[in-house]
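Here is the structure we will look at, set down as C-alpha coordinates.
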Amino acid sequence: MKIGVLTGGGDAPGLNAVIRAVVRKALKLNYEVVGYKKGWKGVLDNDFEKLTLETVSGILHRGGTILGSSRTNVYKVENGVETLKKNMKAEGVEVLVAIGGEDTLGVASKLHKDGVKVVGVPKTIDNDLSATDFTFGFDTAVGVATEAIDRLHTTAESHNRVIVVEVMGRHAGWIALYSGLAGGADVILTPEQPFNMEDVCEVVKSRAARGKTFSIIVIAEGAKIKTEENTDKDGSFVLSSLKKDSFGHVRLGGIGNVVAEEIEERTGFETRATVLGHIQRGGTPTAFDRVLGTRFGVFAAELIQRGEFGKMAALKGNDIVAVDLEEATGKLKTLDPKLYDVAETFFG
Ligand code: F6P
(Lines give C-alpha, C1' and ligand atoms only; values in the text may rest on other atoms or scores of the structure.)
Protein backbone atom coordinates (compact mmCIF):
# COMPACT_ATOMS: atom_id res chain seq x y z
CA MET A 1 0.00 0.00 0.00
CA LYS A 2 1.18 3.53 -0.76
CA ILE A 3 0.36 6.38 1.64
CA GLY A 4 0.53 10.11 0.90
CA VAL A 5 1.30 12.53 3.75
CA LEU A 6 0.63 16.26 3.67
CA THR A 7 0.84 19.22 6.05
CA GLY A 8 -1.62 22.09 5.53
CA GLY A 9 -2.45 25.49 7.04
CA GLY A 10 -0.23 27.48 9.38
CA ASP A 11 2.79 25.48 10.50
CA ALA A 12 3.15 24.30 14.09
CA PRO A 13 6.16 22.98 16.02
CA GLY A 14 5.96 19.19 16.00
CA LEU A 15 4.92 18.71 12.35
CA ASN A 16 8.19 16.98 11.54
CA ALA A 17 7.77 14.68 14.54
CA VAL A 18 4.42 13.55 13.07
CA ILE A 19 5.82 13.06 9.56
CA ARG A 20 8.72 11.03 10.95
CA ALA A 21 6.39 8.89 13.08
CA VAL A 22 3.96 8.18 10.22
CA VAL A 23 6.86 7.16 7.98
CA ARG A 24 8.66 5.03 10.57
CA LYS A 25 5.50 3.16 11.55
CA ALA A 26 4.28 2.81 7.94
CA LEU A 27 7.64 1.38 6.81
CA LYS A 28 7.43 -1.16 9.65
CA LEU A 29 4.04 -2.17 8.25
CA ASN A 30 5.64 -2.54 4.79
CA TYR A 31 3.80 0.44 3.30
CA GLU A 32 5.39 2.94 0.93
CA VAL A 33 5.11 6.64 1.79
CA VAL A 34 5.23 9.78 -0.31
CA GLY A 35 5.12 13.32 1.03
CA TYR A 36 3.03 15.85 -0.87
CA LYS A 37 4.49 19.36 -0.99
CA LYS A 38 2.61 22.38 0.38
CA GLY A 39 -0.51 20.68 1.68
CA TRP A 40 -3.43 20.00 -0.65
CA LYS A 41 -1.60 21.97 -3.36
CA GLY A 42 0.91 19.13 -3.70
CA VAL A 43 -1.82 16.56 -4.37
CA LEU A 44 -3.45 18.85 -6.94
CA ASP A 45 -0.11 19.59 -8.66
CA ASN A 46 1.12 16.00 -8.25
CA ASP A 47 4.16 17.41 -6.49
CA PHE A 48 5.62 14.87 -4.07
CA GLU A 49 8.77 13.13 -2.87
CA LYS A 50 9.33 9.61 -1.65
CA LEU A 51 9.71 9.49 2.13
CA THR A 52 12.24 7.02 3.45
CA LEU A 53 14.17 6.31 6.63
CA GLU A 54 16.84 8.69 5.34
CA THR A 55 14.53 11.59 4.41
CA VAL A 56 12.94 11.63 7.87
CA SER A 57 16.21 11.22 9.73
CA GLY A 58 17.31 14.13 11.94
CA ILE A 59 14.01 16.06 11.74
CA LEU A 60 12.38 15.25 15.09
CA HIS A 61 13.58 18.40 16.83
CA ARG A 62 13.21 20.72 13.85
CA GLY A 63 10.42 23.32 13.68
CA GLY A 64 8.38 23.94 10.53
CA THR A 65 7.61 21.13 8.11
CA ILE A 66 9.95 19.43 5.65
CA LEU A 67 6.98 19.16 3.28
CA GLY A 68 6.06 22.83 3.23
CA SER A 69 2.52 24.10 3.76
CA SER A 70 -0.17 26.20 2.11
CA ARG A 71 -3.75 27.20 2.72
CA THR A 72 -5.04 25.59 -0.49
CA ASN A 73 -8.68 24.54 -0.38
CA VAL A 74 -9.40 21.62 -2.77
CA TYR A 75 -13.06 22.62 -2.84
CA LYS A 76 -12.27 26.14 -4.06
CA VAL A 77 -10.25 24.85 -7.04
CA GLU A 78 -12.10 24.02 -10.26
CA ASN A 79 -12.36 20.22 -10.60
CA GLY A 80 -10.24 20.00 -7.43
CA VAL A 81 -11.67 16.72 -6.16
CA GLU A 82 -11.46 15.02 -9.59
CA THR A 83 -7.86 16.20 -10.06
CA LEU A 84 -6.89 14.96 -6.62
CA LYS A 85 -8.45 11.53 -7.22
CA LYS A 86 -6.87 11.27 -10.69
CA ASN A 87 -3.40 12.16 -9.37
CA MET A 88 -3.62 9.74 -6.46
CA LYS A 89 -4.73 6.93 -8.77
CA ALA A 90 -1.98 7.62 -11.28
CA GLU A 91 0.70 7.34 -8.57
CA GLY A 92 -0.98 4.43 -6.81
CA VAL A 93 -1.51 6.42 -3.61
CA GLU A 94 -4.41 4.77 -1.80
CA VAL A 95 -4.65 6.74 1.44
CA LEU A 96 -3.84 10.26 2.58
CA VAL A 97 -2.64 11.32 6.02
CA ALA A 98 -3.71 14.96 6.40
CA ILE A 99 -1.92 16.80 9.19
CA GLY A 100 -3.67 20.07 9.84
CA GLY A 101 -6.14 22.22 11.70
CA GLU A 102 -9.80 22.95 11.17
CA ASP A 103 -9.43 23.97 7.51
CA THR A 104 -7.13 21.17 6.30
CA LEU A 105 -9.06 18.55 8.24
CA GLY A 106 -12.37 20.10 7.11
CA VAL A 107 -11.27 19.34 3.54
CA ALA A 108 -10.19 15.84 4.63
CA SER A 109 -13.61 15.23 6.16
CA LYS A 110 -15.37 16.27 2.93
CA LEU A 111 -13.01 14.16 0.83
CA HIS A 112 -13.82 11.15 2.99
CA LYS A 113 -17.50 11.65 2.13
CA ASP A 114 -16.49 11.98 -1.53
CA GLY A 115 -14.85 8.55 -1.44
CA VAL A 116 -11.19 9.38 -0.72
CA LYS A 117 -9.48 7.28 1.95
CA VAL A 118 -8.06 9.71 4.47
CA VAL A 119 -7.03 9.89 8.12
CA GLY A 120 -6.24 13.06 10.07
CA VAL A 121 -3.78 14.34 12.66
CA PRO A 122 -4.77 17.45 14.67
CA LYS A 123 -2.33 20.34 14.42
CA THR A 124 -2.59 23.96 15.46
CA ILE A 125 -0.85 26.21 17.93
CA ASP A 126 -4.31 27.68 18.62
CA ASN A 127 -5.57 24.43 20.26
CA ASP A 128 -9.06 25.19 18.92
CA LEU A 129 -9.80 21.86 17.27
CA SER A 130 -12.70 19.90 18.75
CA ALA A 131 -12.62 16.25 19.82
CA THR A 132 -9.05 16.34 21.11
CA ASP A 133 -7.90 17.64 24.49
CA PHE A 134 -4.79 19.19 22.93
CA THR A 135 -3.29 19.71 19.49
CA PHE A 136 0.48 19.52 19.05
CA GLY A 137 2.20 22.90 18.67
CA PHE A 138 0.13 24.53 21.40
CA ASP A 139 2.52 23.68 24.22
CA THR A 140 5.47 25.19 22.33
CA ALA A 141 3.53 28.36 21.51
CA VAL A 142 2.46 28.76 25.15
CA GLY A 143 6.08 28.30 26.24
CA VAL A 144 7.28 31.00 23.85
CA ALA A 145 4.53 33.41 24.93
CA THR A 146 5.15 32.72 28.62
CA GLU A 147 8.85 33.43 28.28
CA ALA A 148 8.02 36.68 26.48
CA ILE A 149 5.61 37.70 29.25
CA ASP A 150 8.27 36.98 31.88
CA ARG A 151 10.72 39.19 30.03
CA LEU A 152 8.16 41.95 29.49
CA HIS A 153 7.31 41.90 33.19
CA THR A 154 10.76 43.04 34.28
CA THR A 155 10.98 45.87 31.76
CA ALA A 156 7.38 46.99 32.50
CA GLU A 157 8.21 47.16 36.20
CA SER A 158 11.48 49.05 35.67
CA HIS A 159 9.75 51.73 33.57
CA ASN A 160 6.37 51.84 35.32
CA ARG A 161 4.67 50.98 32.09
CA VAL A 162 1.68 49.02 30.93
CA ILE A 163 2.65 46.42 28.36
CA VAL A 164 0.05 44.84 26.10
CA VAL A 165 1.20 41.48 24.73
CA GLU A 166 -0.65 40.33 21.62
CA VAL A 167 -0.61 36.57 21.05
CA MET A 168 -2.14 34.41 18.32
CA GLY A 169 -5.66 33.04 18.57
CA ARG A 170 -8.13 33.90 15.88
CA HIS A 171 -11.36 32.56 17.38
CA ALA A 172 -10.17 31.03 20.63
CA GLY A 173 -8.09 32.40 23.47
CA TRP A 174 -6.22 29.25 24.49
CA ILE A 175 -2.72 30.68 24.02
CA ALA A 176 -3.71 33.95 25.72
CA LEU A 177 -5.26 32.13 28.67
CA TYR A 178 -2.51 29.58 29.25
CA SER A 179 0.40 31.99 28.76
CA GLY A 180 -1.39 34.70 30.72
CA LEU A 181 -2.01 32.34 33.62
CA ALA A 182 1.53 30.98 33.52
CA GLY A 183 3.05 34.46 33.20
CA GLY A 184 0.88 36.13 35.86
CA ALA A 185 -0.91 38.56 33.52
CA ASP A 186 -3.05 41.25 35.18
CA VAL A 187 -5.76 40.99 32.51
CA ILE A 188 -6.32 38.38 29.79
CA LEU A 189 -8.50 39.31 26.83
CA THR A 190 -9.84 36.56 24.57
CA PRO A 191 -12.16 36.28 21.53
CA GLU A 192 -14.70 34.45 23.68
CA GLN A 193 -15.19 37.40 26.03
CA PRO A 194 -15.64 40.78 24.21
CA PHE A 195 -14.39 43.44 26.60
CA ASN A 196 -14.89 47.10 27.54
CA MET A 197 -11.88 49.43 27.52
CA GLU A 198 -13.25 50.94 30.73
CA ASP A 199 -12.92 47.63 32.59
CA VAL A 200 -9.35 47.12 31.41
CA CYS A 201 -8.35 50.66 32.43
CA GLU A 202 -10.01 50.15 35.79
CA VAL A 203 -7.64 47.24 36.47
CA VAL A 204 -4.61 49.38 35.61
CA LYS A 205 -5.84 52.18 37.89
CA SER A 206 -6.73 49.91 40.79
CA ARG A 207 -3.30 48.28 40.61
CA ALA A 208 -1.70 51.75 40.70
CA ALA A 209 -3.82 52.60 43.74
CA ARG A 210 -2.20 49.72 45.63
CA GLY A 211 1.29 50.69 44.52
CA LYS A 212 1.64 48.47 41.44
CA THR A 213 2.71 51.00 38.86
CA PHE A 214 3.01 48.56 36.00
CA SER A 215 0.66 46.06 34.37
CA ILE A 216 0.82 43.24 31.87
CA ILE A 217 -2.18 42.70 29.63
CA VAL A 218 -2.29 39.62 27.42
CA ILE A 219 -4.61 39.85 24.45
CA ALA A 220 -5.48 37.32 21.73
CA GLU A 221 -5.33 38.71 18.19
CA GLY A 222 -9.00 37.80 17.75
CA ALA A 223 -10.22 39.56 20.90
CA LYS A 224 -13.03 42.01 20.32
CA ILE A 225 -13.63 45.41 21.90
CA LYS A 226 -17.14 46.50 22.74
CA THR A 227 -17.50 50.16 21.77
CA GLU A 228 -20.37 52.61 22.27
CA GLU A 229 -21.36 52.24 18.60
CA ASN A 230 -20.88 48.52 18.72
CA THR A 231 -22.30 47.26 21.95
CA ASP A 232 -23.46 43.88 20.65
CA LYS A 233 -22.01 40.92 22.43
CA ASP A 234 -19.70 40.06 19.53
CA GLY A 235 -17.75 43.31 19.29
CA SER A 236 -15.55 43.66 16.20
CA PHE A 237 -12.21 42.35 14.98
CA VAL A 238 -9.12 44.49 14.42
CA LEU A 239 -7.68 43.56 11.04
CA SER A 240 -4.18 43.99 9.65
CA SER A 241 -5.40 43.34 6.10
CA LEU A 242 -8.70 42.88 4.30
CA LYS A 243 -7.31 40.16 2.02
CA LYS A 244 -8.87 36.73 2.51
CA ASP A 245 -7.24 33.33 2.13
CA SER A 246 -8.94 30.43 0.33
CA PHE A 247 -10.77 29.44 3.50
CA GLY A 248 -12.20 32.98 3.76
CA HIS A 249 -10.04 34.11 6.71
CA VAL A 250 -9.07 37.76 6.99
CA ARG A 251 -5.65 38.64 8.41
CA LEU A 252 -5.91 39.66 12.04
CA GLY A 253 -3.41 41.61 14.07
CA GLY A 254 -3.03 45.05 15.55
CA ILE A 255 -5.52 44.93 18.38
CA GLY A 256 -2.63 45.13 20.87
CA ASN A 257 -1.65 48.54 19.50
CA VAL A 258 -5.22 49.81 19.51
CA VAL A 259 -5.70 48.75 23.13
CA ALA A 260 -2.30 50.15 24.18
CA GLU A 261 -3.12 53.59 22.73
CA GLU A 262 -6.48 53.65 24.47
CA ILE A 263 -4.98 52.66 27.83
CA GLU A 264 -2.34 55.38 27.62
CA GLU A 265 -4.94 57.98 26.74
CA ARG A 266 -7.42 56.92 29.41
CA THR A 267 -5.05 56.19 32.32
CA GLY A 268 -2.03 58.42 31.63
CA PHE A 269 0.27 55.40 32.03
CA GLU A 270 2.95 55.08 29.40
CA THR A 271 1.87 51.99 27.46
CA ARG A 272 3.61 49.80 24.89
CA ALA A 273 2.43 46.92 22.75
CA THR A 274 4.41 43.82 21.77
CA VAL A 275 3.03 41.60 19.03
CA LEU A 276 4.54 38.11 19.29
CA GLY A 277 3.23 36.98 15.90
CA HIS A 278 4.91 34.11 14.10
CA ILE A 279 7.64 33.71 16.75
CA GLN A 280 5.00 31.56 18.49
CA ARG A 281 4.89 29.18 15.54
CA GLY A 282 8.56 28.93 14.72
CA GLY A 283 11.47 27.02 16.14
CA THR A 284 12.06 23.80 17.97
CA PRO A 285 9.08 21.97 19.54
CA THR A 286 8.90 21.23 23.26
CA ALA A 287 9.33 17.64 24.47
CA PHE A 288 5.55 17.49 25.03
CA ASP A 289 4.81 18.43 21.41
CA ARG A 290 7.43 16.01 20.08
CA VAL A 291 5.93 13.15 22.09
CA LEU A 292 2.32 14.07 21.24
CA GLY A 293 3.17 14.45 17.54
CA THR A 294 4.99 11.12 17.56
CA ARG A 295 2.06 9.33 19.25
CA PHE A 296 -0.39 10.90 16.76
CA GLY A 297 1.79 9.87 13.79
CA VAL A 298 2.15 6.25 14.90
CA PHE A 299 -1.59 6.09 15.60
CA ALA A 300 -2.44 7.50 12.13
CA ALA A 301 -0.47 4.66 10.50
CA GLU A 302 -2.29 2.18 12.74
CA LEU A 303 -5.65 3.62 11.70
CA ILE A 304 -4.67 2.90 8.09
CA GLN A 305 -3.62 -0.64 9.00
CA ARG A 306 -7.04 -1.21 10.61
CA GLY A 307 -8.82 0.36 7.63
CA GLU A 308 -10.38 3.05 9.81
CA PHE A 309 -10.73 5.95 7.38
CA GLY A 310 -12.46 9.29 7.94
CA LYS A 311 -10.97 9.29 11.44
CA MET A 312 -8.55 11.54 13.29
CA ALA A 313 -6.06 10.69 16.04
CA ALA A 314 -7.10 12.54 19.19
CA LEU A 315 -5.78 12.95 22.73
CA LYS A 316 -8.37 12.12 25.39
CA GLY A 317 -6.93 12.24 28.87
CA ASN A 318 -3.68 10.37 28.44
CA ASP A 319 -4.86 8.11 25.62
CA ILE A 320 -4.70 8.49 21.87
CA VAL A 321 -8.06 7.50 20.41
CA ALA A 322 -9.85 7.62 17.06
CA VAL A 323 -12.58 10.23 16.51
CA ASP A 324 -14.60 11.04 13.39
CA LEU A 325 -13.10 13.80 11.28
CA GLU A 326 -16.58 15.27 11.09
CA GLU A 327 -16.81 15.52 14.88
CA ALA A 328 -13.40 17.20 15.02
CA THR A 329 -14.15 19.82 12.39
CA GLY A 330 -17.86 20.52 12.94
CA LYS A 331 -17.28 23.32 15.42
CA LEU A 332 -14.32 25.11 16.98
CA LYS A 333 -13.25 24.31 20.51
CA THR A 334 -13.46 27.59 22.37
CA LEU A 335 -12.25 28.27 25.89
CA ASP A 336 -13.73 26.40 28.78
CA PRO A 337 -15.43 29.16 30.86
CA LYS A 338 -14.26 27.41 34.05
CA LEU A 339 -10.66 28.08 33.01
CA TYR A 340 -11.42 31.74 32.37
CA ASP A 341 -12.93 31.95 35.86
CA VAL A 342 -9.64 30.69 37.29
CA ALA A 343 -7.73 33.31 35.31
CA GLU A 344 -10.08 36.08 36.47
CA THR A 345 -9.15 35.38 40.08
CA PHE A 346 -5.79 37.00 39.33
CA PHE A 347 -6.98 40.06 37.38
CA GLY A 348 -6.06 43.36 38.99
O1 F6P B 1 -1.84 28.73 13.04
C2 F6P B 1 -3.04 29.44 13.32
C3 F6P B 1 -2.72 30.87 13.36
O4 F6P B 1 -1.68 30.92 14.25
C5 F6P B 1 -3.78 31.89 13.80
O6 F6P B 1 -3.86 32.13 15.17
C7 F6P B 1 -3.36 33.12 13.07
O8 F6P B 1 -4.41 34.02 12.88
C9 F6P B 1 -2.89 32.57 11.78
O10 F6P B 1 -2.33 31.32 12.09
C11 F6P B 1 -1.92 33.44 11.04
O12 F6P B 1 -1.31 32.68 10.06
P13 F6P B 1 -0.67 33.19 8.69
O14 F6P B 1 0.06 34.44 8.99
O15 F6P B 1 0.20 32.06 8.27
O16 F6P B 1 -1.81 33.40 7.74
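The values are calculated or read from the model by the stated rules, or taken from the named source; none is laboratory data. All values reported here derive from a predicted model rather than from experimental measurement. Heads up, the Cβs are rebuilt from the backbone with ideal geometry, glycines too, and the neighbour counts pull from every protein chain shown. Calculation scope for accessible area: heavy atoms of the full protein, side chains included, ligands and nucleic acids excluded. Shrake-Rupley method; radii C 1.70, N 1.55, O 1.52, S 1.80 Å.
The table below gives the values:
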item	result
For His159, solvent-accessible area (1.4 Å; no DNA, RNA or ligand), Å²	100 Å²
Exposed-site-free run, longest, the chain (rule: trypsin sites (Lys or Arg not before Pro); DSSP loop; at most 15 other C-beta within 10 Å)	1-209
The chain - share of DSSP beta bridges that are antiparallel (%, nearest 5)	30 percent
Helical mean residue ellipticity (222 nm; -39500 (n - 2.57) per DSSP H run of 4+; nearest 500) of the chain	-12000 deg cm²/dmol
Label-to-label distance, nm, for residues given as Thr155 and His61 (7 Å Cα→Cβ offset)	2.8 nm
Sulfur and carbon atoms: percent of accessible area, the chain [1.4 Å]	48 percent
Debye-sum result for the chain in log10 I(q)/I(0), which assumes one identical scatterer on each alpha carbon, at q = 0.07, 0.11, 0.13 Å⁻¹	-0.32, -0.72, -0.93
Principal-axis tilt of helix 138-159 within the chain, Cα atoms, nearest 10 degrees	20 degrees
Accessible solvent surface per residue of the chain, calculated while the other protein chains remain in place, 1.4 angstrom probe, Å²	43 Å²
Angle between the chain longest axis and helix 15-28 axis [Cα atoms, degrees, rounded to 10]	20 degrees
Distance violations [Cα-Cα > 29 Å] among Lys89/Lys316; Lys86/Lys331; Lys41/Lys311; Lys226/Lys331; Lys117/Lys333	Lys89/Lys316; Lys86/Lys331
Cα long-axis angle, helix 197-209 against the chain (0 to 90 degrees, to the nearest 10)	60 degrees
Cα centroid of region 59-86 to Cα centroid of region 13-44, whole Å	12 Å
